[in-house]
Amino acid sequence: MEKNLEQLNYKLKIVDDFLNESDFKRLCNLKINKNVEKDFHVYHNEINDKGIIKSVIDKELLKDIHKNCHTKALQILNDICPEKADLYEYSDFTIIVTSKNSKFPIHDDTPNKLLSGVIYLSPENNSGTIFYNNKKGQNKTEIDWKLNRAVFFSRKERETWHSYEGDKKNDRVALVYNLMTTKIKKVFQIENKNYFIGNLRWKLSPHIYKYLKIII
């Protein structure tokens with residue numbers, strides 16, 4: 001796994017046993033529909049230090065995960081892209097159940113995500129997250145699936161390409177954990193990218209927009 005990370009043009013942070021044992025078990029035991037015939041089931045939640053913004057799961061669990069993980073996640077953002085740390089406004093915790101036969105295409109994430117992360121919840125074995133150096137899929141690097149393993153990166157316009165998919169055997173359940181902002185212009189300034197072109201591309205992207213319509 002880790003021996004191939006140097007071929008990527010951007011930094012990844014891999015943390016095993018990211019969630020504490022209690023939070024991990026409570027997430028895995030949530031009563032959600034974990035069987036999907038095709039595509040994805042999405043359970044979207046938002047929170048900050050002032051309280052819950054949006055929740056479709058156990059609110060006490062959401063509060064506990066935020067309390068127990070926020071400092072670690074913010075430190076990872078400071079390590080990977082410290083320039084973006086001051087832009088943080090809220091956290092996104094989204095459980096995504098991916099059909100064993102579905103695949104999310106190669107993309108580079110939306111600019112409101114300061115730190116993008118995923119924690120693998122179930123089953124015991126599945127396919128991990130795949131990273132590339134360009135949209136064509138060059139320098140493919142897959143981070144192996146391991147329960148409670150977290151993978152983080154800080155997105156950058158047209159650079160942090162990645163995808164994920166089911167393994168054709170079992171549906172895939174993961175917790176997506178993002179540190180978020182609404183200060184999109186400042187994000188593009190930090191990335192030294194064109195705000196108007198980038199923001200228009202984000203809004204017009206058929207794959208990303210489809211995903212956004214699901215989670216909003």
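Readers should treat all values here as calculations from the given coordinates under stated rules, not as data from a laboratory. What you see is a predicted model; the values in this text were computed from it and never measured. Virtual Cβ from ideal backbone geometry, glycine too; neighbours counted across all protein chains shown.
Residue count for the stretch 186-204 under the criterion of being closer than 30 Å to residue 71 by Cβ, free of Cβ contacts under 8 Å to residues at least 12 places away in the same chain and in a helix (DSSP H, G or I): the result is 1. Consider the stretch 133-186 and keep the residues that are over 19 Å from residue 12 (Cα atoms) and hydrophobic (A, V, I, L, M, F, W, C). The one that is surrounded by the fewest Cβ atoms within 10 Å (Cβ to Cβ) is 184.
Scan the stretch 15-69 residue by residue and report those that are of a type in the set (Gly, Ala, Ser) and closer than 22 Å to residue 146 by Cβ. 22 - this is the single residue of the stretch 15-69 that is of a type in the set (Gly, Ala, Ser) and closer than 22 Å to residue 146 by Cβ. Across the stretch 96-126, the qualifying residues are those that are more than 15 Å from residue 155 (Cβ to Cβ) and crowded, with 21+ Cβ neighbours inside 10 Å, and the one among them that is farthest from the chain's Cα centre (by Cα) is 126.
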